[in-house]
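Everything below concerns the one structure shown next.
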Amino acid sequence: MVVGVDVHNMGHRSIIGMSASYNKSLTQYYSKVAYQSLHREMLDQGKSKDEQEEVQANERTEIFGKFMLEAIANFTNRNKGTRPEQIIIYRDGIGGPTMTQKVLKSEGPGGALT
């Protein structure tokens, strides 16, 4: 299974696009779009940019985790109960260096998705 994830920030929200192949020739895809508030109001509440990014990274990990469960279930259903042997994930749209560290912490080895 090949998975692609990208995040695009637009105004006060992020658009998260995700797709995952579900056949052996990698020509058919399950896809989903999710929207996330950027929580800019947290800055008005005295929260630091670091705290705001932590909340965003955790929410994105939750969104991505749910998508992965749905994508694996879709693959399994369409392949008569067979689960994917391997999953390759292409991830983009992480953001700056501090956000990258937060995403790696939550989505990388040892994180919530492993």
(request) Take 3, 33 and order them by how many other Cβ atoms sit within 10 Å, fewest up front. (result) 33, 3
(message) At 0.890 mPa s and 25 °C, plugging the Kirkwood radius over alpha-carbon pairs of region 2-103 into Stokes-Einstein gives what diffusion coefficient in µm²/s?
(response) 165 µm²/s
(message) If the reach is capped at under 16 angstrom between alpha carbons, list the lysines near residue 49, excluding any in the same chain fewer than eight residues apart.
(response) 102
(request) Determine the sum of side-chain charges near residue 8: Lys and Arg each +1, Asp and Glu each -1, restricted to other residues whose C-beta is under 15 angstrom from that of residue 8. (result) +2
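Read-outs: derived from the displayed coordinates by stated rules, not from any lab. Nothing here was measured: the structure is a model prediction, and the numbers come from that model. Here Cβ is always computed from backbone atoms with ideal geometry, including for glycine, and neighbour counts include all displayed protein chains.
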